[in-house]
Amino acid sequence: MNWQYIWNAVPRFIDATLLTLNLSLWSIILSMIIGVFCAVVLVYKIRGLQGFVKAYIELSRNTPLLIQVFFLYFGLSKIGIKLDGFTCGIIGLAFLGGSYMAEAFRAGLEAVSKGQIESALSLGLTSRQAFRYVIFPQAFAISTPAIGANCLFLMKETSVISAIAVAELMFLAKDIIGMDYKTNEALFLLVVFYLIILLPVSVYIRYLERRLRRAKYGA
Amino acid sequence: MGLGILFQGSNFERLLGGLGVTAEIAFVSVFFACILGVLLGIVMTSRNKIIRFWCRFYLEVVRIIPLLVLLFLVYFGFAKWFNAHLDGVLVCIVVFVFWGAAEMGDLVRGALTSIEKHQVEAAYALGLSKMQTFIYILLPQSLKRVTPGAINLFTRMVKTSSLAMLIGVLEVIKVGQQIIETSLFTDPSAALWIYGVIFVLYFVICYPLSLFSKYLESRWEN
């Protein structure tokens, strides 16, 4: 282990970590938007869109992320749609994460009892208001642990984006192994930096789960 | 041009060959992961705090570290530390078994603890020993409950084995890449078609499996 080398490489790893976080953040936001949309379509059985959403979920769940991003990055550029690696990565991750988020939100929406929506409507709320102020907040709370798990999953999956030359953590480690033959140092830093960003998220999810379980006692 | 590239020379056979490697990794890993996972799941129900802590620790390590990082750790780390080259397929199988055993163990643990208490009590009342209760009452019921989850794990392994190409395994995507590179000048749009076809191939394999697991889940729910 060459500690001097590790020390000098830390700034590069911090840059790469920021890129990993950036990728994660965008893909989490986008996949949550997709997820809410798909869950609403599925739960409220909106005709016309339902088949489309179902097809999307099956497609995204049954294909690996790597081939999705390869198709976006290498395939689409052949028909004139040229996207840079970062954009492809976000699109790929959002495409993958969207279906997982949809599943989480769907479970949440279905868990809100019918009585809630009926009493909201009988109080004179429009169905849109009932969804916005009564159903959605409760559903969101219920699906929080699942959403958190999906966030962790997406953050881990960003490592795959290294395959299309986005200089995030995995890519940097591969680079150092290839360029400087500093295998031990690169792998050590790689694991340390992944733990730095993933451990807090994992601990926080555990905390949320426990809080939700406690909240359920009252119900 | 277009899809024609698929049938030039032995391209299609080569892709299927690559798919074979993918299937091999997934099958072998899921086989060992199931065996180890059942054992681990039994250990995880132990009341010993130290044992439970280490099981928990193992599970968390597997869940927190990205699989690609684990693959790199074993592939490059092993070469560096023991000065020996491990074949990429072998590395993949080792990592997938390590991962799958943890996931499977958690599934089996969940199933074992979900079996109703009266089942065990009834078995004792009938005069079965602890061992007999476990083998004839607990294990068969929990294995049944675990099956949909195990199939899901298998589809996840099929999908994740695509990462094997990043440590130099000649699986279906790598073969696709080679085909694209050899036809770079004759057919510049090959990337679109080849990756598209591989996308569909994965879907064709994984979709029936997830349908099957969903079917089993709904059928065995009660």
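At a glance:
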read-out	value
Single condition B:G105 does not satisfy, out of (1) within 14 Å of chain A (Cβ to nearest Cβ); (2) in contact (Cβ under 8 Å) with a residue 60 or more places away in the chain	(1)
B:S161 being farther than 16 Å from B:E13 by Cβ, within 10 Å of chain A (Cβ to nearest Cβ) and surrounded by fewer than 19 Cβ atoms within 10 Å (Cβ to Cβ)	no
Options B:I205, B:I180; residue that is more than 7 Å from every other protein chain (Cβ to nearest Cβ) and at pLDDT 90 or above	B:I205
Tally, over the range A:61-107, of residues that are among the β-branched types (V, I, T) and more than 9 Å from every other protein chain (Cβ to nearest Cβ)	5
Residues of the range A:47-60 satisfying the condition of being more than 7 Å from chain B (Cβ to nearest Cβ) and part of a helix (DSSP H, G or I)	A:Q50, A:G51, A:F52, A:V53, A:K54, A:A55, A:Y56, A:I57, A:S60
Pairs, first over 19 Å from A:L83 (Cα atoms) in the range A:162-190, second part of a loop (DSSP other than H, G, I, E, B) and basic (K, R), C-beta under 7 Å, six or more apart	A:I176/A:K182
Residue in the range B:72-85 that is over 25 Å from A:L154 (Cβ atoms), in a helix (DSSP H, G or I), away from chain A (no Cβ under 13 Å) and of a type in the set (A, V, I, L, M, F, W, C) present	no
Qualifying residue in the range A:164-175 (condition: of a type in the set (A, V, I, L, M, F, W, C) and farther than 23 Å from A:I6 by Cα)	yes
Considering residues of the range B:118-159 that are farther than 20 Å from B:G37 by Cβ and of a type in the set (D, E, K, R) only, the residue modelled with the lowest pLDDT	B:K130
Number of positions in the range B:197-222 that are crowded, with 16+ Cβ neighbours inside 10 Å and among the small types (G, A, S)	2
Hits in the range A:176-204 (condition: among the acidic types (D, E) and over 13 Å from B:L73 (Cα atoms))	A:D180
Test result for B:F57, within 14 Å of chain A (Cβ to nearest Cβ), closer than 30 Å to A:Y181 by Cα and either surrounded by fewer than 16 Cβ atoms within 10 Å (Cβ to Cβ) or at pLDDT below 90 (or both)	no
Which numbered condition B:S210 misses (of (1) at the interface with chain A (Cβ under 10 Å from one of its Cβ atoms); (2) touching a Gly at 6+ places or on another chain (Cβ under 6 Å))	(2)
Checking B:V169 against (1) touching a helix residue (DSSP H, G or I) at 6+ places or on another chain (Cβ under 6 Å); (2) over 15 Å from B:I5 (Cα atoms); (3) in a helix (DSSP H, G or I), the condition it does not meet	(3)
Residue count for the range A:87-132, restricted to those that are aromatic (F, W, Y) and touching a Leu at 6+ places or on another chain (Cβ under 7 Å)	0
Subset tally (residues that are assigned to a loop (DSSP other than H, G, I, E, B) and either facing chain A (nearest Cβ under 7 Å) or surrounded by 23 or more Cβ atoms within 10 Å (Cβ to Cβ) (or both)) for the range B:183-196	2
Residues within the range A:73-98 that are under 22 Å from A:L21 (Cα atoms), surrounded by fewer than 22 Cβ atoms within 10 Å (Cβ to Cβ) and either touching a residue at least 60 places away in the same chain (Cβ under 8 Å) or of a type in the set (A, V, I, L, M, F, W, C) (or both), tallied	5
Residue selected from the range A:11-25 under the condition among the aliphatic types (A, V, I, L, M) and loosely packed, with under 14 Cβ neighbours inside 10 Å, by the criterion nearest to A:S159 (Cα to Cα)	A:L18
B:A79, sole failed condition from (1) in contact with a helix residue (DSSP H, G or I) (Cβ under 7 Å, 6 or more places away or on another chain); (2) farther than 30 Å from B:K144 by Cβ; (3) surrounded by 14 or more Cβ atoms within 10 Å (Cβ to Cβ)	(1)
Single residue of B:T147, B:T160, B:T113 found to be among the β-branched types (V, I, T), touching a residue at least 24 places away in the same chain (Cβ under 8 Å) and either over 30 Å from B:R47 (Cβ atoms) or touching a Gly at 6+ places or on another chain (Cβ under 6 Å) (or both)	B:T160
Residue ranges of helices (runs of 4 or more DSSP H) in the range A:91-185 with at least 1 members over 23 Å from the mean Cα position of the chain (by Cα) and not acidic (D, E)	A:114-122, A:169-180
Filter result (aliphatic (A, V, I, L, M) and more than 11 Å from every other protein chain (Cβ to nearest Cβ)) within the range A:166-188	A:V166, A:A167, A:L172, A:M179
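The values are calculated or read from the model by the stated rules, or taken from the named source; none is laboratory data. Computed from a predicted model, the values in this text were never measured in an experiment. Glycine gets a Cβ as well: all are built from the backbone with ideal geometry, and neighbour counts include every protein chain shown.
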